[in-house]
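Below: the structure, in structure tokens.
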Amino acid sequence: MRAILLGPPGAGKGTQAARLAERYGVPAISTGDIFRANAAGGTELGKRAQEFMAAGQLVPDSVTNDMVRDRLAQPDAAAGFLLDGYPRTTDQAVELDAMLADLGVRLEVALELTADFEVVTARLLKRAQIEGRADDTEDVIRTRLEVYATSTAPLTAYYAGRGLLVQVDGIGEVDEVTERIISALSHL
Ligand code: B4P
């Protein structure tokens, strides 16, 4: 499986990516997780990413693309991968195509989890109480949703146009959403 997971912040990308990675035996690669791990480790990359993440803005492509290129070249991604949170802009999508072409492989599916902004905001505010993530405050969530609408939502049409888009309703119990995804993928 060579897939990307699309959807607004809080749609359940990270949650579902972990489950799908286990089921399909491919690594789940989350750009958000890699940035957070670097921030926690105090690396230069982490320090750079942290200021953008805390403000709800996208980390610049110059940082993000190189990081993904390196990660996709690791041996565990050779047989497949599930990219969670990348690409987030059309420029990143074009860059991903170039990376995959260099690796001699192609993207097979763009899986979009749909959920309205009201539901995702409630989920992220709930997570704020549990995990205390700096970007889960009401103001920053609003910015993240605006950035999503402007920069990431156009990817739906981009991948639909290439016949790769599969949309799954992300509202409901976590198990229920997982079943919907597995069912949708089994019909490809
Ligand atoms: P991410 O880490 O990708 O954060 P996210 O979009 O909020 O999604 P996440 O995966 O964490 O949450 P999920 O929907 O699973 O990005 C964070 C930041 O990193 C970005 O703002 C940006 O600054 C930077 N970044 C990342 N990738 C980048 C890129 N390519 N380019 C530039 N910058 C980039 O879950 C949210 C909550 O909902 C959880 O608490 C979960 O438990 C809950 N939940 C999930 N499914 C549920 C369900 N079915 N029902 C109820 N709750 C559910």
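The values are calculated or read from the model by the stated rules, or taken from the named source; none is laboratory data. Please read all numbers here as calculations on a predicted model, not as lab measurements. Glycine gets a Cβ as well: all are built from the backbone with ideal geometry, and neighbour counts include every protein chain shown. In case anyone asks, the SASA skips ligands and DNA or RNA and just uses the protein heavy atoms, side chains included. Shrake-Rupley method; radii C 1.70, N 1.55, O 1.52, S 1.80 Å.
Of the residues contained in segment 45-58, none is found to be in a helix (DSSP H, G or I) and in contact with a strand residue (DSSP E or B) (Cβ under 8 Å, 6 or more places away or on another chain). The listed residues are 112, 118, 108, and the only one of them that is of a type in the set (D, E, K, R), within 15 Å of residue 144 (Cβ to Cβ) and either modelled with pLDDT of 95 or more or crowded, with 17+ Cβ neighbours inside 10 Å (or both) turns out to be 118. Among residues of segment 123-152 that are open to solvent by 50 Å² or more (accessible area, probe 1.4 Å), those with a Cβ under 6 angstrom from a residue that is not in a helix (DSSP H, G or I), sequence gap 6+ or separate chain, pair up as 123/10; 127/136.
To keep it simple, each residue is scored yes or no on (1) open to solvent by 50 Å² or more (accessible area, probe 1.4 Å); (2) among the small types (Gly, Ala, Ser).
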| residue | (1), (2) |
| --- | --- |
| 13 | no, no |
| 22 | yes, no |
| 56 | no, yes |
| 93 | no, yes |
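All conditions but one from (1) buried (at least 19 other Cβ atoms within 10 Å of the Cβ); (2) within 12 Å of the ligand (Cβ to nearest atom) apply to residue 72; the one that does not is (2).
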